[in-house]
Amino acid sequence: MSPTHSDTQLRIEERALSASGAAFVSAIIVNPLDVAKTRLQAQAAGVPYQGVCQLANTTLHDVRCFAISSSEPPRPCPSGCNRYKGTLDVLYKVTRQEGFMRLWRGTSASLALAVPTVGIYMPCYDILRNKMEGFTTQNAPNLTPYVPLVAGSAARSLACISCYPVELARTRMQAFRATQSGKPPGVWKTLLGVIHPVKGTSIFQSLHRYRFWWTGLGAQLSRDVPFSAICWSTLEPIRKNIVGLAGDGASAVTVLGANFSAGFVAGTLASAVTCPLDVAKTRRQIEKDPERALKMTTRTTLLEIWRDGGLRGLFTGVGPRVGRAGPSVGIVVSFYEVVKYVLQLRHPTSS
């Protein structure tokens, strides 16, 4: 039984269940790297991460940094305290300054986003791929290799548009530093903060301000559509080759290994190639001036990043992005396919 192509008898709710479980696991595991990537990109865009320090135990060697709102008397920060120098530096400073659990800042948004998004994305990709492959195999065999590219792009676009406001909230929750006074805002309060500066004098204008929840959608699609196209067109042939080595007797372990390996390679490659688009997406989503946010385009944002930081600026945060995407895609795809494999065994026609 082929784990990738003999699954047409699975119902849509079974596919959605498989995908949602995969998204839940992945979102929790890789969230710290997502925070690190977003902080590095936001810092390059001009978001300040200023802190004040105190000397612990009156020694010069044990220096701790705190948020500005700390109740302790402020002391001058040592050189480099207020800037992130890399992925490990972000993880270290967030832990020391804001607490270990701040590495999972935005996890609630990630889960609220990942479960419905992947629940839409993966099943839609499966269904589109199966139908398109059936059509091209009979009518246009030369186009069959391009099916994963088209199916992945279409499925990702649908998932992205349907859940975009939560993605906007997640990026803002991860980018802006949480103070030590009070509980940091959740998804809903973050979204309200996006539209709060915009005042409406009529009911129409008040409703019209909710369009700010979709600012940056173009940049999101500009990143996600190429990412999915590269990812699936790379993943499918690798997965087929690995599963093919096992023959018809592929087990759950084979399905797990083949899909994780293929997903890891495909996710790593796609995330590296699309990193400049990810930097542009982050910069558009963290823009706090509503009017400027509406006028920004992906092209002008990329030119602005190039002007400010050159090639290095376009690939800001590429380390944590690649480090996150490879395992994340591997986990999602392998978990999804293994659950589908188990569900297929329950169908009498699956063997």
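For region 293-317: of the residues being of a type outside the set (A, V, I, L, M, F, W, C) and exposed (fewer than 15 other Cβ atoms within 10 Å of the Cβ), which is nearest to Phe212 (Cα to Cα)?
Lys295
Residues in region 62-81: is at least one surrounded by fewer than 18 Cβ atoms within 10 Å (Cβ to Cβ), at pLDDT below 90 and under 20 Å from Pro320 (Cβ atoms)?
yes
What are the residues in region 7-57 that are surrounded by fewer than 17 Cβ atoms within 10 Å (Cβ to Cβ), over 24 Å from Ala159 (Cβ atoms) and at pLDDT below 80, if any?
Pro48, Gln50, Gln54, Leu55, Ala56, Asn57
State the number of residues belonging to region 208-241 that are over 16 Å from Ile195 (Cα atoms) and either outside any helix (DSSP H, G or I) or hydroxyl-bearing (Ser, Thr, Tyr) (or both).
Residues that pass the stated criteria total 4.
Hey, could you check region 83-109 for residues that are among the hydroxyl-bearing types (Ser, Thr, Tyr) and over 21 Å from the mean Cα position of the chain (by Cα) and say which is least open to solvent (accessible area, probe 1.4 Å)?
Thr95
Quick check on Gly244: is it outside any loop (DSSP other than H, G, I, E, B) and free of Cβ contacts under 8 Å to residues at least 12 places away in the same chain?
yes
Is it true that some residue in region 287-308 is within 16 Å of the chain's Cα centre (by Cα), over 23 Å from Ile331 (Cβ atoms), touching a residue at least 24 places away in the same chain (Cβ under 8 Å) and assigned to a helix (DSSP H, G or I)?
Checking region 287-308: not a single residue is within 16 Å of the chain's Cα centre (by Cα), over 23 Å from Ile331 (Cβ atoms), touching a residue at least 24 places away in the same chain (Cβ under 8 Å) and assigned to a helix (DSSP H, G or I).
Only residues that are without any contact (Cβ under 8 Å) to a residue 24 or more places away in the chain and over 30 Å from Ile127 (Cα atoms): list them for region 12-46, please.
Residue satisfying the conditions is Gly46 alone.
Please work out which one of (1) modelled with pLDDT under 75; (2) loosely packed, with under 13 Cβ neighbours inside 10 Å; (3) among the hydroxyl-bearing types (Ser, Thr, Tyr) is the condition Thr137 fails and give its number.
(1)
Does Val166 count as among the β-branched types (Val, Ile, Thr), closer than 22 Å to Thr215 by Cβ and open to solvent by 30 Å² or more (accessible area, probe 1.4 Å)?
It is true that Val166 is among the β-branched types (Val, Ile, Thr), closer than 22 Å to Thr215 by Cβ and open to solvent by 30 Å² or more (accessible area, probe 1.4 Å).
Does at least one position in region 242-253 carry a residue that is surrounded by fewer than 16 Cβ atoms within 10 Å (Cβ to Cβ) and among the hydroxyl-bearing types (Ser, Thr, Tyr)?
Yes - at least one qualifying residue is present in region 242-253.
Scan Pro276, Pro320, Pro290 and give me the residue that is buried (at least 24 other Cβ atoms within 10 Å of the Cβ) and either closer than 19 Å to Val47 by Cβ or in contact with a Lys or Arg (Cβ under 7 Å, 6 or more places away or on another chain) (or both).
Pro320
The values are calculated or read from the model by the stated rules, or taken from the named source; none is laboratory data. Since this is a predicted model, take the numbers as computed values, not measurements. Counting neighbours? That spans all protein chains shown, and the Cβs are built from the backbone with ideal geometry, glycine included. What goes into the accessible areas is simple: the full protein's heavy atoms, side chains included, and nothing from ligands, DNA or RNA. Shrake-Rupley method; radii C 1.70, N 1.55, O 1.52, S 1.80 Å.
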